[in-house]
Amino acid sequence: MMGTEPAPGLLERARLLPLLSAQVARGVIVRRPAWEGLAAALGADRRLAELLRELRERYGDRPLPLTVAGRPVALVLDPADVRGILERTPDPFSPGGREKRGALAHFQPHGVLVSDADDRVPRREANEEALATGRPHPDSGVLDAHADEEAAVLRRALGEAGGGLDWPRFSASFDALARRLVFGAHAAEDHLTTELLRHLRSRADWSYALPVDRRTREEFLDRVRAGVEGAEPGSLAARLPRDGRVRPEDQVAHWLFAFDAAAIAAFRSLALLSAEGAGPDAAAGDAARWEATVQESVRLWPTTLVILREAVRETVWRDREFARGTVFVVVSSYFHRDPRLPYADAFTPGIWLDGRARAEPGLVPFSHGPAGCPGRDVVLSSASRFLAAVTGGDPPARTDASPLSAADLPASLDHTALRFSLAGTA
């Protein structure tokens with residue numbers, strides 16, 4: 001940032017930096033259960049959003065300059081800036097800044113988000129073609145069958161073992177679904193690939209502060225390469241070009257990583273379906289309503305806590321000059337729970353069906369623009385199909401605590417503590 005512009009004072013920074021650090025401590029690449037529970041208990045998301053609103057009232061709605069660990073940062077405070085900045089990716093706002101490159105180098109060094117300009121275009125095109133971005137997937141019948149089959153496996157297991165549905169059981173089943181979708185049915189039992197990725201992701205949370213475990217990374221990527229080569233017809237990986245420049249193993253590594261966020265969103269969707277006031281038919285809607293429920297889960301409790309874009313050159317934005325390397329920070333929950341939205345804290349899936357959500361530039365559950373999630377459509381369709389099959393069309397019952405109120409939902413929800421009973425599995 002250049003020039004003399006208003007910036008948070010010492011006391012404001014003392015309040016702000018711990019709250020921003022707490023977002024990082026929860027796990028950017030893989031969630032840490034203890035920190036997730038602590039954030040929910042302390043109301044970290046609510047407190048951060050309230051502070052950002054205070055700063056907006058005091059300093060205006062233009063991106064607010066700040067220095068964090070010696071790096072120039074700009075806090076994005078206006079919804080219109082969110083969409084505007086994300087639409088201007090990758091120049092002047094790159095999705096692959098220093099921190100993200102350091103993190104993703106641990107398990108996908110050639111992923112599209114951290115690719116240079118020459119490689120980004122063919123890799124993005126390959127992702128969009130394989131994932132059918134913005135259109136129904138041509139292999140939707142196969143993908144739907146995988147969701148139904150894995151849901152049946154989970155329901156049988158719950159019926160045999162009893163004890164209800166908790167996060168470890170749901171997560172393991174969703175991991176198997178992700179492997180089915182990506183490689184084919186034969187990969188459902190390939191637990192080692194997921195375990196290797198989880199190990200690498202835990203190191204990636206430290207970004208460049210922790211050296212890359214090159215031996216494990218190569219073992220993981222070798223397994224992914226083999227999976228791509230042996231991908232079954234109708235799987236997502238089967239649609240990727242076997243092109244050295246595309247580096248299909250790195251693109252698939254990102255898919256497997258991203259499906260973990262989809263699992264969190266889907267599991268939290270069960271909390272919405274079981275909420276008081278959700279309506280008796282909440283778990284018996286059509287495919288579009290199921291997808292809207294998953295999107296509401298991500299709006300209410302974003303799986304990407306903070307979206308980052310780094311200025312690749314000196315940039316003027318809304319009459320302010322920002323230095324090259326400035327990191328623009330979008331705190332998702334601040335925009336998704338904006339109190340000016342009449343549905344801010346309520347379960348309102350209809351906003352995804354009637355155009356209201358699309359009209360709000362600050363609602364970006366799957367990011368937005370040229371670096372937005374290319375798997376948005378296949379994730380929504382697969383996760384919602386899986387949920388419909390797992391529940392059998394009957395609302396789940398929450399057993400770890402009292403049901404939420406659909407009209408007044410908490411700003412944070414620790415998915416690792418949720419537990420449900422499902423009709424027909426007792």
Q.
Here's a check for you: in segment 155-166, which residue that is in contact (Cβ under 8 Å) with a residue 24 or more places away in the chain and out of contact with any strand residue (DSSP E or B) (no Cβ under 8 Å at 6 or more places or on another chain) is farthest from Ser384 (Cα to Cα)?
A. Gly162
Q: Considering only residues that are touching a helix residue (DSSP H, G or I) at 6+ places or on another chain (Cβ under 8 Å) and of a type in the set (Lys, Arg), look in segment 305-346 and name the one that is surrounded by the fewest Cβ atoms within 10 Å (Cβ to Cβ).
A: Arg318
Q.
So, Ala178, is that one in contact (Cβ under 8 Å) with a residue 12 or more places away in the chain and closer than 18 Å to Ala383 by Cα or not?
A. yes
(Q) Let me spell it out: the conditions are (1) touching a Lys or Arg at 6+ places or on another chain (Cβ under 7 Å); (2) over 23 Å from Pro302 (Cβ atoms); (3) at pLDDT 90 or above, and Glu5 meets all of them except one. Which number is the exception? (A) (3)
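Across segment 244-262, what is the number of residues that are at negative phi, in contact with an Asp or Glu (Cβ under 9 Å, 6 or more places away or on another chain) and part of a loop (DSSP other than H, G, I, E, B)?
Residues meeting the conditions: 2.
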Q. Any idea which of (1) within 29 Å of Asp166 (Cα to Cα); (2) touching a residue at least 24 places away in the same chain (Cβ under 8 Å) is the one Ala401 doesn't satisfy?
A. (2)
Q.
Quick check on segment 307-358: of everything there that is of a type in the set (Gly, Ala, Ser), part of a loop (DSSP other than H, G, I, E, B) and touching a strand residue (DSSP E or B) at 6+ places or on another chain (Cβ under 8 Å), which residue is nearest to Lys100 (Cα to Cα)?
A. Gly325
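To keep it simple, each residue is scored yes or no on (1) surrounded by 20 or more Cβ atoms within 10 Å (Cβ to Cβ); (2) within 20 Å of the chain's Cα centre (by Cα); (3) outside any loop (DSSP other than H, G, I, E, B).
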site	(1), (2), (3)
His106	yes, yes, no
Pro109	no, yes, no
Asp119	no, no, yes
Asn127	yes, yes, yes
Ala130	yes, yes, yes
Gly134	no, yes, no
(Q) Of everything in segment 290-304, what is crowded, with 22+ Cβ neighbours inside 10 Å and either out of contact with any helix residue (DSSP H, G or I) (no Cβ under 6 Å at 6 or more places or on another chain) or in a loop (DSSP other than H, G, I, E, B) (or both)? Give them in sequence order. (A) Leu300, Trp301, Pro302
Q: Check whether at least one residue in segment 382-398 is charged (D, E, K, R) and in a loop (DSSP other than H, G, I, E, B), and report yes or no.
A: yes
Q: Would you point out the residue of segment 65-80, among those that are farther than 11 Å from Val327 by Cα and at pLDDT 95 or above, that is surrounded by the fewest Cβ atoms within 10 Å (Cβ to Cβ)?
A: Ala80
Q. Of the residues that make up segment 364-374, is at least one free of Cβ contacts under 8 Å to residues at least 60 places away in the same chain and surrounded by 21 or more Cβ atoms within 10 Å (Cβ to Cβ)?
A. no
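Let's see how each residue does on (1) closer than 20 Å to Arg247 by Cα; (2) not aliphatic (A, V, I, L, M):
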{"position": "Pro92", "(1), (2)": "no, yes"}
{"position": "Ala103", "(1), (2)": "yes, no"}
{"position": "Pro109", "(1), (2)": "yes, yes"}
{"position": "Leu113", "(1), (2)": "yes, no"}
{"position": "Ala147", "(1), (2)": "no, no"}
{"position": "Gly159", "(1), (2)": "no, yes"}
Q. Out of all the residues in segment 61-104, which are over 30 Å from Leu196 (Cα atoms) and either small (Gly, Ala, Ser) or part of a helix (DSSP H, G or I) (or both)?
A. Ala69, Gly70, Ala74, Pro79, Ala80, Asp81, Val82, Arg83, Gly84, Ile85, Leu86, Glu87
Q) Out of the residues in segment 159-175 that are of a type outside the set (D, E, K, R) and closer than 20 Å to Ser382 by Cβ, which is surrounded by the fewest Cβ atoms within 10 Å (Cβ to Cβ)? A) Ala172
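The values are calculated or read from the model by the stated rules, or taken from the named source; none is laboratory data. These numbers were taken from a predicted model, which means no experiment stands behind them. Positions of Cβ are generated from backbone atoms using ideal geometry, with glycine treated the same way; all protein chains shown enter the neighbour counts.
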